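Please read the structure below before turning to the comments.
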Amino acid sequence: MTTIYKEMEKCVVCGKTSEHTKWGSTNACGSTDLDTRPPEMERSTIDMWIQTCPSCGYCAPSISERIKKASEVINSNSYRQQLNNLKFPKLANAFFCYSLIQESAGRHAHAGWSSIHAAWACDDDGSTASAQTCRKRAVNLLQKARESSQRFVEQPGGEGALIVDLLRRAGQFEEALRICDNGLKKKPEKLLADILRFEKMLIGEADNTCHLLSEATKESENDGNAIVILIGKRQL
Ligand SMILES: [Zn+2]
């Protein structure tokens, strides 16, 4: 089960104090999704991964921690518009805003992951178009991360597999297939090859829905959960 508690946090940007819900421990039972989203109960802790200062709108995993350029970014038009964007659920706006701060600080890997988390919040809300926007943004950021040698997945080759899944979920099948084929040409180890072949099959069926890692690896659901530790790492 998940243990939760409330704590006061002092915002480093405006200095105001507000109450936030946090999680002490949780469990994850079953396979992760192909994009590393954890199963329950960890899955449902997502609304505690990000905080929003009710006074100034600073969004971060902990508003008491400063991030380079945060004050500048939160006063920009694009940030203010995103914070109150009615096309996205509130939780997705918070992740998206945090992603804007990280992008501005040049931390593209973190910005990319936060954009993926925004997509998950959109998925939960049934906001399909907004989820696709978040995934396309995540792909751009993760490609920039690659160009600047910022790792965003631990396992070699896992970065391509994550990008393939983001593109597929965003309906960008051609580009997803191209990266998938490139990955397979490099003769990756069995686990990655299984994932890429499964993605290729889904792409062939124009399937842009969520699938479990265990479907790709044909392992039991619990094994699927163990595998993700090698494939992806959530960065908050
Ligand atoms: Zn504040």
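Rundown of residues vs (1) modelled with pLDDT of 95 or more; (2) acidic (Asp, Glu); (3) open to solvent by 70 Å² or more (accessible area, probe 1.4 Å), yes/no style:
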residue	(1), (2), (3)
196	yes, no, no
201	yes, no, yes
206	yes, no, no
210	yes, no, no
221	no, yes, yes
224	no, no, no
228	no, no, no
232	no, no, no
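Report, by residue number, each residue of region 1-14 that is acidic (Asp, Glu) and either away from the ligand (no atom under 16 Å from the Cβ) or crowded, with 16+ Cβ neighbours inside 10 Å (or both). Give the steps one after another, and end with the answer.
Of the residues in region 1-14, the ones acidic (Asp, Glu) are 7, 9.
Answer for region 1-14, where residues must be acidic (Asp, Glu) and either away from the ligand (no atom under 16 Å from the Cβ) or crowded, with 16+ Cβ neighbours inside 10 Å (or both): just 9.
For region 15-58, which residues satisfy the criterion of being within 16 Å of the ligand (Cβ to nearest atom), in a loop (DSSP other than H, G, I, E, B) and surrounded by 15 or more Cβ atoms within 10 Å (Cβ to Cβ)? Listed by number, the residues that qualify are 50, 53, 56, 57, 58. Residue 167 versus (1) out of contact with any Lys or Arg (no Cβ under 9 Å at 6 or more places or on another chain); (2) under 30 Å from residue 86 (Cβ atoms): which is the lone unmet condition? Here residue 167 clears every test but (1). Just name the residue that is surrounded by the fewest Cβ atoms within 10 Å (Cβ to Cβ) out of those in region 67-105 that are away from the ligand (no atom under 16 Å from the Cβ) and assigned to a loop (DSSP other than H, G, I, E, B). If we take residues in region 67-105 being away from the ligand (no atom under 16 Å from the Cβ) and assigned to a loop (DSSP other than H, G, I, E, B), then 86 is surrounded by the fewest Cβ atoms within 10 Å (Cβ to Cβ). The residues listed here are 168, 137, 151, 178; of these, the one that is among the basic types (Lys, Arg) and either touching a Gly at 6+ places or on another chain (Cβ under 6 Å) or without any contact (Cβ under 8 Å) to a residue 12 or more places away in the chain (or both) is 178.
All conditions but one from (1) in contact with an Asp or Glu (Cβ under 6 Å, 6 or more places away or on another chain); (2) surrounded by 20 or more Cβ atoms within 10 Å (Cβ to Cβ) apply to residue 64; the one that does not is (2). Checking the structure you have, find out if any residue of region 113-121 is open to solvent by 10 Å² or more (accessible area, probe 1.4 Å) and under 29 Å from residue 208 (Cα atoms). Looking through region 113-121, none of the residues is open to solvent by 10 Å² or more (accessible area, probe 1.4 Å) and under 29 Å from residue 208 (Cα atoms).
Listed by first and then second residue, the pairs linking a residue in region 106-128 that is in a helix (DSSP H, G or I) to a residue that is open to solvent by 30 Å² or more (accessible area, probe 1.4 Å) and modelled with pLDDT of 95 or more, with Cβ atoms under 6 Å apart and 6 or more places separating them unless they lie on different chains, are 108/144; 111/103; 115/137; 121/91.
Somewhere in region 140-156, is a residue open to solvent by 50 Å² or more (accessible area, probe 1.4 Å) and touching a strand residue (DSSP E or B) at 6+ places or on another chain (Cβ under 7 Å)? Checked against the condition, which is being open to solvent by 50 Å² or more (accessible area, probe 1.4 Å) and touching a strand residue (DSSP E or B) at 6+ places or on another chain (Cβ under 7 Å), region 140-156 yields no hits at all.
Identify, please: which residue in region 184-194 is assigned to a helix (DSSP H, G or I) and of a type outside the set (D, E, K, R) and is, among those, modelled with the lowest pLDDT? Only one residue fits best here, namely 191.
The values are calculated or read from the model by the stated rules, or taken from the named source; none is laboratory data. Values in this document were obtained by computation on a predicted structure and should not be read as measured data. Virtual Cβ from ideal backbone geometry, glycine too; neighbours counted across all protein chains shown. Only protein heavy atoms, including side chains, enter the accessible area calculation; ligands, DNA and RNA are left aside. Shrake-Rupley method; radii C 1.70, N 1.55, O 1.52, S 1.80 Å.
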